[in-house]
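Visitor: Here it is: the structure, laid out below.
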Amino acid sequence: MKKLAITRDAFGFLGGLEAKQYRQVGQKMLALLVDSQPNDASKLKGYDQYYRVDSGEYRIVYRFDDDTVFIVVIAKRNDDKACKALARK
């Protein structure tokens, strides 16, 4: 099974969510360990190795290799904070 690595910013955002959203996003992140390219995942334009997947009203930006899924950004889905935060990384 793959490992999960979460950036400090993504972990902080996750900790600020209410219980329902925390569970929802957490389940989606754990599902990425089983299938790193689910049907609803999209490759980010301009970032060859990064993917995005939506979980309710939140967007998860991640990349993966053979052993690990790296959660880079978690943000609200309908604003551009996810892409702006990725550009700063």
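The values are calculated or read from the model by the stated rules, or taken from the named source; none is laboratory data. The structure displayed is predicted, hence computed values, not measured ones. Neighbour counts run over all protein chains shown; Cβ positions are idealised from the backbone, glycine included.
Visitor: Collect the residues in region 23-48 that are charged (D, E, K, R) and either surrounded by 13 or more Cβ atoms within 10 Å (Cβ to Cβ) or under 9 Å from the mean Cα position of the chain (by Cα) (or both), keeping them in residue-number order.
Guide: Matches in region 23-48: Lys28 only.
Visitor: Next question. List the pairs whose first member sits in region 63-78 and is over 18 Å from Gly16 (Cα atoms) and touching a residue at least 60 places away in the same chain (Cβ under 8 Å), whose second member is of a type in the set (D, E, K, R) and part of a strand (DSSP E or B), and whose Cβ atoms are under 7 Å apart, counting only residues at least 6 apart or on separate chains?
Guide: Once the first residue is over 18 Å from Gly16 (Cα atoms) and touching a residue at least 60 places away in the same chain (Cβ under 8 Å) and sits in region 63-78, its partners that are of a type in the set (D, E, K, R) and part of a strand (DSSP E or B) give Asp67/Lys3; Thr68/Lys3; Phe70/Arg63.
Visitor: For region 1-22, which residues satisfy the criterion of being surrounded by 12 or more Cβ atoms within 10 Å (Cβ to Cβ) and of a type in the set (D, E, K, R)?
Guide: Within region 1-22, Lys2, Asp9 meet the criteria.
Visitor: Checking Tyr51 against (1) closer than 14 Å to Ile71 by Cα; (2) among the hydroxyl-bearing types (Ser, Thr, Tyr); (3) over 13 Å from the mean Cα position of the chain (by Cα), which single condition isn't satisfied?
Guide: (3)
Visitor: Quickly run through region 9-33 and pick out the residues that are within 15 Å of Tyr51 (Cβ to Cβ) and either modelled with pLDDT under 95 or small (Gly, Ala, Ser) (or both).
Guide: Selection gives Ala10, Ala31.
Visitor: Quick check on my filter: what residues within region 28-80 are of a type in the set (S, T, N, Q) and either farther than 16 Å from Phe11 by Cβ or touching a Ser or Thr at 6+ places or on another chain (Cβ under 7 Å) (or both)?
Guide: Ser36, Gln37, Asn39, Ser42, Gln49, Asn78
Visitor: Would you please list the contacts, defined by Cβ atoms under 9 Å and residues six or more apart or on different chains, that run from a residue in region 1-15 that is in contact (Cβ under 8 Å) with a residue 12 or more places away in the chain to a residue that is among the aliphatic types (A, V, I, L, M) and exposed (fewer than 14 other Cβ atoms within 10 Å of the Cβ)?
Guide: Met1/Val34; Lys2/Val34; Leu4/Leu30
Visitor: Which of the residues belonging to region 17-40 are in contact with a Phe, Trp or Tyr (Cβ under 9 Å, 6 or more places away or on another chain) and within 18 Å of Lys76 (Cβ to Cβ)?
Guide: Hits for region 17-40 are Leu17, Gln21, Gln24, Val25, Lys28, Met29.
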